[in-house]
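Notes follow once the structure below has been shown.
The values are calculated or read from the model by the stated rules, or taken from the named source; none is laboratory data. As the structure is a computational prediction, the values presented were derived from the model and not from experiment. Positions of Cβ are generated from backbone atoms using ideal geometry, with glycine treated the same way; all protein chains shown enter the neighbour counts. Ligands, DNA and RNA are excluded from the accessible area calculation, which covers all protein heavy atoms including side chains. Shrake-Rupley method; radii C 1.70, N 1.55, O 1.52, S 1.80 Å.
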Amino acid sequence: MTSSPDDATPATTPHAGCDHDHDAHAGHAHTGADPHADAPDPLGEAPERIAAARRRLWPRIALGVIGIGLGAVLGVNAGIGAAAGTVVGVLSALAWLIAAWGGILLASLARRGQYTTIALGQVLAAALAPAAGAGIALLGRALATTPIEVSAAGWPGRLAPIAVAAAAGWLLAGAVGEAVRLRALRSQLTRQDEVGLRSRAEAEQLETAALVRAERLALLLALAFGLAVGAMVLLPWLVLVLVPLAAAGAAWLGLRPLRESAGARQN
C-alpha cells in the first residue's frame, strides 16, 4: 500500500526562511575595533607637558656646567687661579640646595596651610640665599692666589670669575632640582587621591608660556646671586641688606598670583 502525497512528511530545512537572522547576526560581527579606543585619557596632556618641561631643562644644565668651567678659565686669566672659580661654582650649587630645602623645612615647622607653607618656604629660602652667598664669597676670596681688594688694580676683572661661577652653580642646581621635582610629579599623576588630582592640575599648567617665564626667572635669579656673591667679596656687610631685600622680593613674587586671581574675580 502506497502512501498518498498528503500523508508524506514534508522535508524540513532548519534554517530555511531565516535569512533575516543571518543578516541580523552579520550586522553584529566583530570588526576587531577596541570599544574603549575613543575613551578620553584620564591623564590628559599632563605626561606630554611634563616631558616637554624636562627636555627644556637640558640647556640650563649645560649652561650651568659651561659657566663653572668658564669661571675657572677666567680665574686663570685674572691671576686668581682656577680653584677659586671652580670651588665657588660647586659651593653655589650646594647653597641652592641648602636654601631650598632649608626654606621648606623651616616653613613646615609653622604647620600652616599648603599654600601658606609654600609661600613661607620661598621667603625663607630667599633669605637664606644671601647668607650662604656671603660664606661662599669669603671662601672664594680666601682661595684667590692674588688678593682681591678695592685698592688693588684690576679688581673688577678678579671678581668676574667668582661672579660667573656663582651664577652658573646656582643655575645648574636650580635646573637639577626642577628635574627632580618634575620626575616626582610624573610619578604622582596616576594616583587616585587628592595628591594625584593636584599633580595633574599642576602638570596641566606647564604650558610653553609658563615654562618661558620660569626660565627667565631662573636666569635672573642666578645672575642676581652671582652679582651678590661678587659684591660680597669686597663688601661682606652687604649681607645685612641683601637678606631682607631678598625676602621682600620673594614675598612680592609669591603674592603676585594671588593679586592676579583676585583682580580676575573682580573683573
Going by Cα centres, segment 189-221 and segment 61-84 are how many Å apart?
33
Share of segment 60-257's accessible area from carbon and sulfur, percent, 1.4 Å?
72
Quick check on segment 120-248: what are the equivalent-ellipsoid semi-axes from the Cα gyration tensor, as sqrt(5λ), descending, whole Å?
37, 15, 12
Given a Förster distance of 30 angstrom, what is the FRET efficiency for Leu106 paired with Glu45, based on the Cβ-Cβ distance and rounded to 0.05?
0.25
